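Please read the structure below before turning to the comments.
The values are calculated or read from the model by the stated rules, or taken from the named source; none is laboratory data. The shown structure was predicted, so the numbers you read here are calculated from the model rather than taken from an experiment. Note that we place each Cβ from the backbone using ideal geometry, even for glycine, and neighbour counts take in every protein chain shown. Note: accessible area is taken over every heavy atom of the protein model, side chains too, but ligands, DNA and RNA are not part of it. Shrake-Rupley method; radii C 1.70, N 1.55, O 1.52, S 1.80 Å.
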Amino acid sequence: MPRSRLILVLGDQLTPDLTSLAEGDPDRDRVVMAEVREEAEYVPHHRKKMVFLFAAMRHFAARLRRRGWTVDYYELDRGLGDLCEALRRSAEGREIAEVLITEPGEYRLREAMKRRWPQSLGLSVRLLEDRRFLCSLDAFRDWAAGRKQLRMEFFYRDMRRRTGLLMEPDGEPVGGRWNFDADNRKRFDGKHRLPGPPRFEPDATTRQVLEQVAEHYPDRFGDLEPFWFAVTASQAEEALAHFLDQALPHFGDYQDAMTEGDDFLFHSLLSLYINAGLLDPLKVCEAAERCYQQGRAPLNAVEGFIRQILGWREYVRGIYWLMMPDYKEENRLDSHADLPWFYWSGETDMRCVAEAVRATREHAYAHHIQRLMVTGNLALLLGVDVKQIHEWYLAVYADAYEWVELPNTLGMVMHADGGYLGSKPYAASGKYIQRMSDYCAGCAYKVSSAEEDNSCPFNSLYWHFIQRHRRRFEKHPRMSRVYKNWDRMDGDKRRAILARADALLEHPEDL
Ligand SMILES: Cc1cc2nc3c(=O)[nH]c(=O)nc-3n(C[C@H](O)[C@H](O)[C@H](O)COP(=O)(O)OP(=O)(O)OC[C@H]3O[C@@H](n4cnc5c(N)ncnc54)[C@H](O)[C@@H]3O)c2cc1C
Ligand code: SF4
C-alpha cells in the first residue's frame, strides 16, 4: 500500500473539486482542516467573519466525510497555534509521503509553506494551482507582459472575449458597448422594494461555533447575532437565486447609491461565498448572463455585475500576485496618519461614516460605495497610514482576504501604488456623498459649506488633499480642471478652507 498523504484544506478552499482533493485518494489520504490561533489573530477579524468561516469549514468537513474522506478536523477549542501544528499532529505515528495543498490566496502563507514548512515538518510540501479563478496567474502575467499600462478595462474586454460572456458570435460585445457604467449612477429614489439578503437560520453546528467564538473572543469587534449567512454550498446557491430574482434587475441602476434605510440595496452579498469557494465565479456570471438572455434583467445590470466578477475580481488577484511582495510596502502618497478610533467605535458626528461603521459592525459587510467613497475616501483625505487602513479592511469584512482586499485598499482607495486600479485617486468632497445618498440631511455637519466650523469635513479635506498633492496630479489630464477651479477660488476662501482642514487634520479623533 503506497504511503498516505495529508491534504490541507484552508478556510477559503471549500470547493469539492479543489485541485488538492482532485489529486487525492479518499481511500488512502487524509484531509486536514484546522481553526488555528495564528490565522484567527494576525489581524482582529470580525467575529461574524470567524463564525462564517469556521461554520462553513465544519459543514464542508462533514460533506467530505459523507463522500468517504477521512478528515482530521481541529476545532478552535483544541487551541492549536498554527496550521503546521495541525499537520504535525495528523502526521504523528503515520508514514506520510507528502503534504498536498492548493496554493493559498495570501503571499505570507504561500511563502511559509514553500520555505519554512518542509523543514519544520520534515515532509515535502507540494503546492498545486488554484483553478477556481477565470484567469490563471500565468495568463495574467502574459497579459501584463510588455504593457505600459495595466488597465482593468482592457483586461476585462480580453476576459469577455476569452470566456464568451456577453459576446455576439461576430466577436462584438452584446449591446454594442463593453461597459454600461455611465447608466449605473442613479440615486435611490425609494420607488423599488429593497429585497435584502436571504437569511439562514443557524443549525446546531453553527450555534456551537457562535458559542465558541463568543467565549474565545469576547471583546473583539463585530456583532455575533443575528447570524444569517449561508454556510453551505446549497445555501449559497439559494442566496444566488435570491439575488438573481430579486436584486439583479436593479443592480446596475443603483450600484453607486447609498441610503440610511438599507445596508444592502441591490447588491448581491455573494463575495463572501465566492471567495470561500462555496460558489463558482464562472457559474455565477453565466447565471447572470442567462437572466439577461431570458429577459429577466436589463443589460446595464447584468454587464455591470459580470464586470465586477470577471473584470475587477480577477484583475485585483492578478495585480496582487504580479506585484507582491513589494506591493504591500507601497505608499506613494506618503500617508502616515493614525487610523481614527471611530473606525472601530462608529462614534463620529459624520453621519455617512457612522452608518458605514455601524453596518460593518452589524454584518461584517458594507457595500462597495461605502467602502470606497465613505470610509476609503476619508482615509485617503486624512492621509491614514496605508498599513493601518489595510489591516482594518482585512479585519472587518467577511469577504476579506489579502489577495482581494490589499489591491482594493492600497491601490483603489489610497492610490498608494501610483494608479494601477484607477489612473486618478477616488478623492471626493461631500457633494458626491450628498448626490448619491440621503445621509447629509441627518448629519451634524453642513454639506453646503467647506470653511465654517460645522462644515462637512470631506469638503475642506478634499481641497487640502488637492493642494498638498498638486505636484503629483496637476498635470493629470482628468484632474487639471479641478486645479483650475481651486485656483479660481477667492484667496481668502481658499485660506479659510485650508485652515479648516488643518484644524481637522490636527484632531481627526474629534470628527
Ligand atoms: C477598500 C475596499 C476593500 C475591499 N475589500 C474587499 C475584500 O476584502 N474582499 C472582496 O471580495 N471585495 C472587496 N472589495 C470589493 C467590493 O467592495 C466587494 O467585493 C463588494 O462590496 C462585496 O459585496 P457584494 O458581494 O454585495 O458585491 P456586489 O456589489 O454585488 O458585486 C458583485 C461581486 O463582484 C465582485 N467585486 C465587486 N467589486 C469588486 C472589487 N473591487 N474587487 C474584487 N471583487 C469585486 C465581488 O465578488 C462581488 O460579490 C473592497 C473594496 C474596497 C473599496
Ligand atoms: S455632511 Fe458630510 S459628513 Fe455629513 S453625511 Fe454628508 S458627506 Fe457625510
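Observations on the model:
- Filter result (within 29 Å of the chain's Cα centre (by Cα) and near ligand 2 (Cβ under 6 Å from one of its atoms)) within region 430-446: G430, I433, Q434, Y439, C440, C443
- Selection from region 29-54 of residues that are part of a helix (DSSP H, G or I) and within 17 Å of the chain's Cα centre (by Cα): R47, K48, K49, M50, F52, L53
- D399 vs. criteria open to solvent by 10 Å² or more (accessible area, probe 1.4 Å), of a type in the set (D, E, K, R) and either part of a loop (DSSP other than H, G, I, E, B) or touching a Phe, Trp or Tyr at 6+ places or on another chain (Cβ under 6 Å) (or both): yes
- Note on region 187-215: residues that are open to solvent by 40 Å² or more (accessible area, probe 1.4 Å) and in contact with a helix residue (DSSP H, G or I) (Cβ under 7 Å, 6 or more places away or on another chain) amount to 3.
- Within region 298-318, the residues that satisfy the criterion of being open to solvent by 10 Å² or more (accessible area, probe 1.4 Å) and more than 23 Å from V396 (Cβ to Cβ) are P298, L299, N300.
- Here region 368-407 is the region considered, the condition is being within 10 Å of the chain's Cα centre (by Cα) and either within 16 Å of ligand 2 (Cβ to nearest atom) or of a type in the set (G, A, S) (or both), and the residue that is farthest from E38 (Cα to Cα) is R371.
- Residue count for region 456-475 satisfying the condition of being under 19 Å from G383 (Cβ atoms) and either out of contact with any Leu (no Cβ under 8 Å at 6 or more places or on another chain) or aliphatic (A, V, I, L, M) (or both): 9.
- Here A247 fulfils each of the conditions (1) in contact with a Pro (Cβ under 7 Å, 6 or more places away or on another chain); (2) small (G, A, S); (3) open to solvent by 20 Å² or more (accessible area, probe 1.4 Å) apart from (3).
- Residues located in region 216-231, provided they are of a type outside the set (F, W, Y) and crowded, with 21+ Cβ neighbours inside 10 Å: G222, A230, V231
- Boolean, A354 is open to solvent by 10 Å² or more (accessible area, probe 1.4 Å), in contact with a Gly (Cβ under 6 Å, 6 or more places away or on another chain) and under 23 Å from D417 (Cα atoms): no
- If only residues of region 255-266 that are under 14 Å from G196 (Cβ atoms) and either in a loop (DSSP other than H, G, I, E, B) or within 10 Å of ligand 1 (Cβ to nearest atom) (or both) are counted, the one that is most open to solvent (accessible area, probe 1.4 Å) is G261.
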